[in-house]
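**Q** I have a structure I would like to understand better, so I am pasting it below and will then ask my questions one at a time.
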Protein chains: 2
Amino acid sequence: VDPTFRDQYVKPSELLEMGFNSIITNAYLLKKHVNIVSDVHNYLRFSGVIMTDSGAYQILKYGGVEVSNEEIIQYQCKIKTDIGVILDIPTQYNVSFDEAYSSALETYSRAQEAIKVINSEQCQDILWVLPVQGGVYIDIVKEFAQKSVDVFYNGFSIFALGSPTTLLEQYLFDKVIDMIFAVRSNVPFSAPLHLFGAGHPLIIPFAVALGVDMFDSASYILYAKDDRYITRKGTYRLKELEYTLCSCPICSKYSPKELREIPKNERVKLLSMHNLYVIREEINEIKQAIKEGRFWEYLEAKAYMHPAAKKAFETLFKYLEYLYKHTPYSKPNVKAVLLVSQNSIYNPKVLIPRRKILSRISTVNKSIIIFIPYISKDKVFMNNFVSNILKYVSTDTGSAKVYLYYPIIGIIPYELLTLFPYSQFEIGVEITDKIIEDLTYIIFESISLLKKDTSITLIWCKEISWQQELINRIIKAMNNSKLQRHIKTMAIECT
Amino acid sequence: VDPTFRDQYVKPSELLEMGFNSIITNAYLLKKHVNIVSDVHNYLRFSGVIMTDSGAYQILKYGGVEVSNEEIIQYQCKIKTDIGVILDIPTQYNVSFDEAYSSALETYSRAQEAIKVINSEQCQDILWVLPVQGGVYIDIVKEFAQKSVDVFYNGFSIFALGSPTTLLEQYLFDKVIDMIFAVRSNVPFSAPLHLFGAGHPLIIPFAVALGVDMFDSASYILYAKDDRYITRKGTYRLKELEYTLCSCPICSKYSPKELREIPKNERVKLLSMHNLYVIREEINEIKQAIKEGRFWEYLEAKAYMHPAAKKAFETLFKYLEYLYKHTPYSKPNVKAVLLVSQNSIYNPKVLIPRRKILSRISTVNKSIIIFIPYISKDKVFMNNFVSNILKYVSTDTGSAKVYLYYPIIGIIPYELLTLFPYSQFEIGVEITDKIIEDLTYIIFESISLLKKDTSITLIWCKEISWQQELINRIIKAMNNSKLQRHIKTMAIECT
């Protein structure tokens, strides 16, 4: 098989038809095996974007290459690649700190050394990739991400995180997430970030969540050669499959049994195409979820498909503040917020408004504050419910400010009830200890931010046991903290 | 459009090509609009299995039909249907208990009345469906499921649950789950169960989990007519879609934008086909998951895709004993157990062995029992770890029986460590309060089942905080219960 990609099982032109408008090939192998001297687009018969890797993967795999950094950069210019990569030194898997440091430092030096060449006339139309190395040593990755920023602005266009391939193969997604964050949070947010060697639907969404913009992977074909069938939630051996789990043109035509009976070469091609369709689905669904403001929901659902995805998701929790910082505040143009687990507390569409409301509570000037349980999504019912309580609680309704409270959602100023997200969420969550604790925290925090002479009333529904528990915990927290506030609690019948 | 299905947007022969080898049509509409008098297979040009509904849906929708129970049964025999349905009286949505009772009783009477006809010579080759009605009134459904059993054995072959359509349309899956269980658990397990009107990928797996064998639904075409696009986790309006979320032959060919621009009639056909491909995927993935013994994992992942699915999943928890009773005990032929949330505790592949081990612990005759944390999946490491502890704890190793403990998995007799599922699980679960409580319970329960004079040692790793918490809780439970046992605890360094 041609190592330069042109005559691979799935041809570049077929990839374009499937919707992949950028491909990556290998400048080192092109130079070594074919040594073309003109436009790589012509050679590959591909009109889309071509990225060329530099031979770094061959260093990783075979320990070295017969070409220098400058040579391979100049070669990439000569063949008019669209996106070029310097000859970085990948950090091997399972090396010591010192070895990892050396590879990261050498990669950094080579980026510096490359500045002159990539700015030369024949190289100028190319977007250059600056890889950051360091492997699982987060401090090294961070150090060289920071150091690389100055170099980056001298002619580079894309950052990349190198070396995660072995970690990805072993489903050590938590480590990869940490590595991605180390780069992403230490380079300018406006710079695109490429993740080398990531092509599995289980990791892609979590990498995207942290701000990875581009991926490359040969997994679709490597898996196919090994008779493995990618799905959105893991990988099967073809021999394990009794039913087709996909509707792609391959899977609508052949059953797994029929696929197994097709001669190897043709089968590798068909499995490669299936694998590519699945990756395309994953990418499309991520894009759609982002567009409609439901990307958190997407990640939450993905997490429960595989323990490795769950670990990646839980690793993201370390970086929630970063995620919030980069979440658009504007209302998404579609769709209710879906609350499906206690992790929905961290959904930016829930948490960002929660914080805004808390941050403004100290400015409330009313002398009476009433917390009322939000027990129905029927607005007419809720309006009557609240009016009745107000009549009962306060003779001077005008001086009362009402907050509704609801698990996960937090507290809602009554006057915002009909606005997003308070009127547009769907909940399928069991009220766990963690959720009650969270709501206790929000209400307690709100109370502590209110003025000292405010009169506060907590209303709860007798027949809803978690509300009783909630009120007990708030009172307990008040006692423990010795916070001085005028609080009344009142149990009512809500049904 | 032809109401009898033959000239519908997707023709019966096209359905067969897509892998749907059974279809349902409507005997009442066939009789009323076409009045064919010979084999319906010829009329529909379909060589697969044909089921005919009786007009009950038209009663539900229009309040009545112009045909009697006996007439429509005889008509179904005449046209040589494969699966026939008596003219049942669907329980309308939102009716009173008395009205629901009447419809269930009348349906039951009609089943009795049908016995003579369905056993007549021309009707004998047909599998007859006995519908159970009652709507959301579970007691009614249960009563008539039980009463129907005798009638069933007089000529019927398939039970059915009627009337969930409106509930399904409103995503009230929890109610439907309760209704299904009311029928399934009160009729013989060997009798197939059909669920009328269920065709959405969000409900199908949960219905299958409770033992529903067959489904029918027109949702694929009704949604298509309304420009709605089914996915595995919900339904989109076509206008909301920017990216295709599927690789079916339709979606590999057209982008959502292109689909929107296709003339209505052709678009309805294409969307219908897409919707059918998605339903087929769902069914296939369910079958594959059952085959490989990972159906619980499948349900667990599905639950987090939508709040309605989560509710269906949580409703299943009421019926866990029933699920366990019907879970095969034999080792599935593939795949590790995937633990992704605290609900994995209830995975039958985890829970059934947990119970077996607990049930046998009282027969243990050793005088020393040692509980050791299972801290690594590396068998060599674990063997050394256990040997070292044994040397330290007991001079007479031969008299000690060792249990390893692990969250969710429970306690493992050391000698079973290399067997399924103890050597084959993957975990991606945060140690929550509920999980520690569960493990506390198992170890406490084990201790209470051991003989009084047994010497018990609990080992825990100093550096693992949840283990410290676990031991504290066990000791607290011992003190509260005043259970008399000889217990030593011992903190060690595990790393």
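**Q** Can you list residues whose amide H is under 5 Å from A:TRP128's amide H, if they're 5+ apart or on another chain and H is modeled 1.01 Å from N?
**A** For A:TRP128, the qualifying residues are A:GLY84, A:SER157, A:ILE158.
**Q** Excluding A:LEU172 itself, calculate the net charge of residues whose Cβ lies under 11 Å from the Cβ of A:LEU172, where each Lys or Arg counts +1 and each Asp or Glu counts -1.
**A** -1
**Q** With every protein chain present, what is the per residue accessible area of the protein assembly as shown (1.4 Å probe, Å²)?
**A** Working: 41000 Å² over 990 residues.
In whole numbers, the protein assembly as shown has 41 Å² accessible per residue.
**Q** Can you work out the FRET efficiency for the pair B:GLU106 and B:GLN74, with r the C-beta to C-beta distance and R0 = 22 Å, to the nearest 0.05?
**A** 0.70
**Q** Could you quickly flag the chain A residue whose beta carbon comes closest to the rotation axis taking A to B, and that distance in whole angstrom?
**A** Closest to the rotation axis on chain A: A:TYR304, 2.
**Q** Determine the gain in length on full extension of the stretch A:ARG260-A:SER367; use 0.36 nm per residue of separation and subtract their C-alpha separation, reporting nm with one decimal.
**A** Between A:ARG260 and A:SER367, full extension yields 31.0 nm more.
**Q** In nm to one decimal, list the spacings between the A:PHE189 label point and its equivalents in the other copies, with label points set 7 Å along Cα to Cβ, shortest first.
**A** Listed shortest first, these distances are 5.7 nm.
**Q** Right, something else. Mind jotting down a quarter of the surface of the convex hull over the alpha carbons of chain A, in square nanometres, one decimal?
**A** Computing the convex hull of the Cα atoms and averaging its projections yields 28.0 nm².
**Q** In nm, to one decimal, how far is the B:ASN479 label point from the A:PHE420 one, both placed 7 Å along Cα→Cβ?
**A** The answer from the label model is 5.4 nm.
**Q** Residues in segment A:163-192, backbone N under 14 Å from the label point at A:HIS326 (7 Å along the Cα-to-beta-carbon vector): list them, ranges by number please.
**A** Residues A:177-192 qualify, since their backbone N sits under 14 Å from the label point.
**Q** Let me ask something else about it. So, with +1 on the Cβ of K and R and -1 on the Cβ of D and E, and no other charges, what is the size of the charge dipole of the protein assembly as shown about its Cα centre, to the nearest 20 debye?
**A** Details: 112 positive and 106 negative charges, 349 e Å.
That gives the protein assembly as shown a dipole magnitude of about 1680 debye.
**Q** What are the residues of segment A:226-250 that lose 50 Å² or more of accessible area, with a 1.4 Å probe, going from their chain alone to all protein chains?
**A** The answer is A:LYS233, A:TYR236, A:GLU240, A:TYR243, A:LEU245, A:SER247 - residues whose exposure falls by at least 50 Å² when every protein chain is included.
**Q** For q = 0.24 Å⁻¹, what log10 I(q)/I(0) does segment B:184-236 give under the Debye formula with an equal point scatterer on each alpha carbon and no solvent?
**A** Summing over Cα pairs of segment B:184-236 leads to -0.90.
**Q** In cubic angstrom, how much convex hull volume per residue do the alpha carbon atoms of the protein assembly as shown span? Working shown, then result.
**A** On the way: hull volume 207.6 nm³, N = 990.
Taking the convex hull of the Cα positions in the protein assembly as shown, it is 210 Å³ per residue.
**Q** Can I ask one more? Just to confirm the numbers: A:PHE420, label point 7 angstrom along the Cα-Cβ line, distances to the other copies in nm, shortest first?
**A** 4.8
**Q** What does the helix-only formula give at 222 nm for chain A: each DSSP H stretch with n ≥ 4 adding -39500 (n - 2.57), the total divided by the residues, and the result rounded to the nearest 500 deg cm²/dmol?
**A** -13500 deg cm²/dmol
**Q** Tell me the label-point distance for the pair B:LYS318, B:LYS452, using the 7 Å Cα-to-Cβ offset, in nm and rounded to one decimal.
**A** 4.3 nm
**Q** Once you charge only the Cβ atoms, +1 for Lys and Arg and -1 for Asp and Glu, what is the size of the charge dipole of segment B:112-205 about its Cα centre, to the nearest 20 debye?
**A** Charge dipole, segment B:112-205, about its Cα centre: 100 debye, nearest 20.
**Q** Also, quick follow-up: Return the sequence-ordered ³J(HN,Hα) values of segment B:39-52 in whole Hz as given by the Karplus equation 6.51 cos²θ - 1.76 cosθ + 1.60 applied to θ = phi - 60°, using x for Gly and Pro.
**A** Computed from phi, the couplings for segment B:39-52 are 3, 5, 4, 5, 4, 7, 6, 9, 9, x, 7, 10, 9, 10 Hz.
**Q** Further question: Just the Kirkwood number for segment B:17-71, please: inverse of mean 1/r across all distinct Cα pairs, in Å, one decimal.
**A** 12.3 Å
**Q** Sticking with this structure for a sec: Let me know the mean shielding of B:340-352 by other chains, meaning the per-residue number of their Cβ atoms within 10 Å of its Cβ.
**A** The shielding value for this peptide is 2.
**Q** Mind checking which of A:SER272, A:VAL10, A:LEU458 is farthest towards the positive end of chain A's charge dipole, using Cβ charges of +1 (Lys, Arg) and -1 (Asp, Glu) about the Cα centre?
**A** A:LEU458
**Q** Using +1 at the C-beta of Lys and Arg and -1 at the C-beta of Asp and Glu, which of A:LEU439, A:ILE140, A:TYR43 has the Cα lying farthest in the positive direction of the dipole of chain A?
**A** The listed residue farthest towards the positive side: A:LEU439.
**Q** Moving on to the next point. For the protein assembly as shown, what % of the accessible area comes from carbon and sulfur atoms, probe 1.4 Å?
**A** That fraction is 51 percent.
**Q** Sticking with this one: Suppose we keep just the DSSP beta bridges with both residues in the protein assembly as shown; what percent of those would be antiparallel, to 5?
**A** 15 percent
**Q** Cβ under 12 Å from B:ASN21's Cβ, B:ASN21 left aside: what net charge do those residues give with Lys, Arg +1 and Asp, Glu -1?
**A** -1
**Q** Something else now. Mind checking how much accessible area A and B bury in total, 1.4 Å probe, in Å² rounded to 100?
**A** Roughly 4300 Å².
**Q** Using alpha-carbon pairs under 8 Å, 6+ residues apart, how would you state the relative contact order of chain B in percent? Show your work: numbers first, answer last.
**A** Numbers: 788 pairs, mean separation 41.6, N = 495.
Across chain B, relative contact order equals 8 percent.
**Q** Between the label point of B:ASN388 and that of the same position in each other copy, find the distances and list them shortest first in nm, with every label point placed 7 Å from Cα along the Cα-to-C-beta direction.
**A** 6.6
**Q** Could I ask something else about it? Evaluate the charge dipole of segment A:152-247 about its Cα centre and quote only its size in Debye, nearest 20, assuming +1 on the Cβ of each Lys and Arg and -1 on the Cβ of each Asp and Glu.
**A** So the dipole magnitude of segment A:152-247 works out to roughly 80 debye.
**Q** Here's a follow-up. Counting other Cβ atoms within 10 Å, keep those with at most 10, restrict to DSSP loop, and tell me which trypsin sites (Lys or Arg not before Pro) in segment B:414-495 are left.
**A** For trypsin sites (Lys or Arg not before Pro) across segment B:414-495 that sit outside H, G, I, E and B with at most 10 neighbouring Cβ atoms in 10 Å, the list reads B:LYS452, B:LYS482.
**Q** Right, next: Expressed as a whole percent, how much of the Cα-Cα distance distribution for segment B:434-495 exceeds 17 Å?
**A** Values: 707 of 1891 pairs.
Tail fraction, whole percent: 37.
**Q** What is the count of Lys pairs in segment B:1-99 whose alpha carbons sit under 20 Å apart, if the two are 8 or more places apart or on different chains? Let's see the in-between values first.
**A** Numbers: B:LYS11/B:LYS31; B:LYS11/B:LYS80; B:LYS31/B:LYS61; B:LYS31/B:LYS78; B:LYS31/B:LYS80; B:LYS32/B:LYS61; B:LYS32/B:LYS78; B:LYS32/B:LYS80.
Eligible lysine pairs with Cα atoms under 20 Å apart amount to 8.
**Q** Same structure, new question: Bin width 5 Å, alpha-carbon pairs only: give the P(r) of segment B:346-489 as whole percents, running from 0 to the bin holding the largest distance.
**A** 2, 9, 20, 24, 24, 15, 6, 1
**Q** Excluding A:ASN480 itself, calculate the net charge of residues whose Cβ lies under 15 Å from the Cβ of A:ASN480, where each Lys or Arg counts +1 and each Asp or Glu counts -1.
**A** It works out to a net charge of +2.
**Q** Right, here's the next one. Excluding the sites themselves, what is the longest stretch of chain B that contains no chymotrypsin sites (Phe, Trp or Tyr not before Pro) in a DSSP loop with at most 14 other C-beta atoms within 10 Å?
**A** The segment B:330-495 is the longest one with no such site.
The values are calculated or read from the model by the stated rules, or taken from the named source; none is laboratory data. Since we're looking at a predicted model, the values are computed, not measured. We place every Cβ from the backbone using ideal geometry, glycine too, and count neighbours over all the protein chains shown. Just so you know, the surface numbers come from the protein's heavy atoms only, side chains and all, with ligands and any DNA or RNA stripped out. Shrake-Rupley method; radii C 1.70, N 1.55, O 1.52, S 1.80 Å.
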